[in-house]
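K.L.:
Below is a structure I'd like to ask you about.
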Amino acid sequence: MSPGPGTSRLKSGPQLCSAAELLERCRRGRIILIDDDVEILVAVTSLLELEGYACEPFSSGVDYLRQLEVPRSCPPPGGPSCVLLDVMMPDLDGLEAQRRLALLDDTPLLLMSGASGVQEAVTAFRAGALDFLIKPIEAETLFQAVEKALQVSRERLALRVRTQALTRKLAALTPREHDVAVRVARGKLNRVIGAELGLALRTVKLYRQRCLEKLEARSTADLIRILQEEGL
């Protein structure tokens, strides 16, 4: 059995489940599965769904890349995600698909193959793949690799949220507070900051305190760490 003309994505269980169940599956983990072997797509999709994951199967990397280029009417469900990608595919091999996907986002990627050699694996790892699975893949090996990738995704999502929150907080600083913050991040003393900006010492201390409050820093050391993480 193979997808009909224009059918890039196979139908799977979670697409037919309730919105609440799909959301719960996505919170646990969303796996984008890409393989030109329909039997493997069906088998691996079923296996992942039985474990409670959301799985989106595609029959080629071209199909998945094409979908990413189309603006979505609504954002994808929240939660961690990863790509599980076959290496040996006719239209676009896995290594080239990996290269193209890396240009679009930082979704963790796992490669799998039954015929690739050491060189393909080395190339994949150098390009950022988290694992290279050899077919046939044992269920436990698959689950461990997927969970490892999803944990990386969780960490990246958390970092993104922290970075966005910090960006909003930095935007709340006045130009003068920002000037003081930059110098605090560089380890300069209040008297030096005052001399550089033409400010009284107590005024520098006031701006410094406002920076602490607006950036929700617990101490000067915490403020310096926050500012340095933002590259100031």
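K.L.:
Using +1 on the beta carbon of Lys and Arg, -1 on that of Asp and Glu, and nothing else charged, what's the dipole of the chain about the Cα centre, debye to 20? Don't skip to the answer; put the middle values down first.
P.N.:
On the way: 31 positive and 31 negative charges, 444 e Å.
It comes to approximately 2140 debye.
K.L.:
In whole percent, what relative contact order does the chain give with Cα contacts below 8 Å and a gap of six or more residues?
P.N.:
Numbers: 303 pairs, mean separation 32.8, N = 232.
Worked out over the chain, it gives 14 percent.
K.L.:
Also, I was wondering about something else. Can you tell me what share of the DSSP beta bridges in the chain is antiparallel? A percent to the nearest 5 is fine.
P.N.:
Expressed as a percentage, antiparallel bridges in the chain total about 5.
K.L.:
Here's a follow-up. Can you give the FRET efficiency for Lys205 and Thr163, using 1/(1 + (r/R0)^6), R0 = 35 Å, r = Cβ-Cβ distance, to the nearest 0.05? Write down the numbers at each step before the final one.
P.N.:
Numbers: r = 28 Å, r/R0 = 0.81.
The calculated FRET efficiency here is 0.80.
K.L.:
Right, next: Just rank Leu48, Leu104, Leu41, fewest to most, by other beta-carbon atoms within 10 angstrom. Let's see the in-between values first.
P.N.:
Values: Leu48 26, Leu104 10, Leu41 22.
Neighbour counts put them in this order, fewest first: Leu104, Leu41, Leu48.
K.L.:
Follow-up question, since we're still on this one. Report, in deg cm²/dmol and to the nearest 500, the calculated mean residue ellipticity at 222 nm for the chain, where each DSSP H run with n ≥ 4 adds -39500 (n - 2.57) and the sum is divided by the residue count. Each step should come with its number before you reach the end.
P.N.:
On the way: 11 runs with 132 residues, N = 232.
Taking each H run of at least 4 residues, the total per residue is -17500 deg cm²/dmol.
K.L.:
Oh, and also: Work through the residues other than Ile224 whose Cβ is under 13 Å from its Cβ and net out their charges, Lys, Arg +1 and Asp, Glu -1. The partial results should precede the final answer.
P.N.:
Numbers: positive: Arg183, Arg186, Lys188, Arg208, Arg218, Arg225; negative: Asp222, Glu229, Glu230.
Charge balance in the 13 Å sphere: +3.
K.L.:
Run the numbers for Arg186 and Thr174: contour at 0.36 nm per residue of separation, minus the present Cα-Cα distance, in nm.
P.N.:
Length difference between fully extended and current span is 2.5 nm.
K.L.:
Looking at the P(r) of segment 112-232, how many percent of alpha-carbon pairs lie beyond 19 Å?
P.N.:
Result: 61 percent of Cα pairs exceed 19 Å.
Each value in this text was obtained by applying a stated rule to the coordinates, not by laboratory testing. No experiment lies behind these values; they were computed from the predicted model shown. Every residue, glycine as well, gets a Cβ built from its backbone with ideal geometry; the counts of neighbours run over all protein chains shown.
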